[in-house]
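Heads up: the structure comes next, in structure tokens.
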Amino acid sequence: MLALGVRPAYACEMARADCPTCGGSGWKVVERTTKGARALAAAEAARPGAGVGEPKMVWAVPCDCTMGDQTERVLARGRVPERYRHCDFDNFETDNDIEGAAREEQASWNRNLAQAKLIVQRFTAEFPAGSEHGLLLMGPCGVGKTHLAVAALKEIVLRGHSGLFYDYRELLKEIQDSYNAESQATEMSVLEPVLKAEILVLDDTGSSKPSLWALETVGHVLNTRYNESRVTILTTNFLDSDAVNSASPAPREISGGRVAGMRAPAIEDSLTDRVGRRIRSRLYEMCRTVEMMAPDYRKEIRNISRSRA
């Protein structure tokens, strides 16, 4: 098996050590005309006793063994939790059949989800050229906000961009833990990747009770990313005050780039209550709001499973 003298580090890291094709080098020899082929110096040209002159060249492409786990590696590097790694646009359901729901109501929910999916897909396809704004996905539990956010992140990072997923509470906890004298991490080692990633998904925003320290920390993250034109996708179960206080049961059109939705469920706190006025104001500037209104799909699936058991 040919051992290549010049190998980019990523090929070595991702190659299978026992691969019969590349022998762990991460490269396989192909014809010069093969798409993606590049010239590499062969090891035998540099070994003792080799003929003097121009080094021999081979034409190679990354071995198939380097690609098998690429998606998993990229998602793991981006901190996407295992339970969400299957999420993509193809398996996002927009034709849910909710038992006991009126046909018109069900159709409205499904139109809402389809429109939300379309907006996030378009955002993803245009990234980074058309991404001067991020996205704020708002809605009750179980409507698919995290699914769409991960689908966008997944597609973008697999195109070669840097991306990171963080749960809101987990990020705050990691930063707090870095203050512990026994911790191996520093505040900057936690924050720097969050501030520098081309795209950040901040999931379940506002899920922890607000404190002055938490609001200042989250405000710093969002302001820094906004000022440096880095894109953020946020999800939250908390709605704006007008939606929380709405008593109208009819579908309504929502201005400001949001999606048409149903009446909001009864939620005591608004998003402003959970993140403060300054952060909510910043989110208006840096994100397009997509309001997703539908029943808790995960709960419906559980109920159906129990009824059939």
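At-a-glance table
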quantity: Filtered residue count, the stretch 1-32, keeping only those that are within 20 Å of GLN70 (Cα to Cα), modelled with pLDDT of 50 or more and open to solvent by 30 Å² or more (accessible area, probe 1.4 Å); calculated: 8
quantity: Failed criterion for SER229 (all others in (1) closer than 27 Å to THR94 by Cβ; (2) open to solvent by 10 Å² or more (accessible area, probe 1.4 Å); (3) modelled with pLDDT under 95 hold); calculated: (1)
quantity: Answer residue from the stretch 93-114, given it is open to solvent by 80 Å² or more (accessible area, probe 1.4 Å) and under 24 Å from the mean Cα position of the chain (by Cα) and is nearest to VAL190 (Cα to Cα) among those; calculated: GLU93
quantity: Pair list, Cβ under 6 Å, 6 or more apart: the stretch 17-29 residue on the phi > 0 side of the Ramachandran plot, other residue small (Gly, Ala, Ser) and part of a loop (DSSP other than H, G, I, E, B); calculated: GLY24/ALA15; GLY24/ALA17; GLY26/ALA15
quantity: The stretch 192-213: number of residues that are of a type outside the set (Val, Ile, Thr) and part of a helix (DSSP H, G or I); calculated: 6
quantity: Condition broken by MET188, with the remaining ones in (1) under 28 Å from ASP90 (Cβ atoms); (2) open to solvent by 70 Å² or more (accessible area, probe 1.4 Å); (3) of a type in the set (A, V, I, L, M, F, W, C) satisfied; calculated: (1)
quantity: Residue in the stretch 182-191 that is in a loop (DSSP other than H, G, I, E, B) and closer than 20 Å to ALA76 by Cα present; calculated: yes
quantity: Output for the stretch 117-144, where each listed residue is surrounded by 17 or more Cβ atoms within 10 Å (Cβ to Cβ) and of a type in the set (S, T, N, Q); calculated: THR124, SER131
quantity: Total residues in the stretch 105-158, condition touching a residue at least 12 places away in the same chain (Cβ under 8 Å) and not in a helix (DSSP H, G or I); calculated: 17
quantity: Set ASP167, ASP203, ASP240: member being open to solvent by less than 70 Å² (accessible area, probe 1.4 Å), among the charged types (D, E, K, R) and at pLDDT below 95; calculated: ASP240
quantity: Residues being within 30 Å of GLU198 (Cβ to Cβ) and either surrounded by 14 or more Cβ atoms within 10 Å (Cβ to Cβ) or at pLDDT 70 or above (or both) - total across the stretch 51-87; calculated: 25
quantity: ASP90 vs. criteria open to solvent by 80 Å² or more (accessible area, probe 1.4 Å), touching a helix residue (DSSP H, G or I) at 6+ places or on another chain (Cβ under 7 Å) and modelled with pLDDT of 80 or more; calculated: no
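The values are calculated or read from the model by the stated rules, or taken from the named source; none is laboratory data. The structure displayed is predicted, hence computed values, not measured ones. With ideal geometry, Cβ positions are generated from the backbone for all residues, glycine too; neighbour counts draw on all protein chains shown. Areas reflect the complete protein model, heavy atoms only, side chains present, ligands, DNA and RNA absent. Shrake-Rupley method; radii C 1.70, N 1.55, O 1.52, S 1.80 Å.
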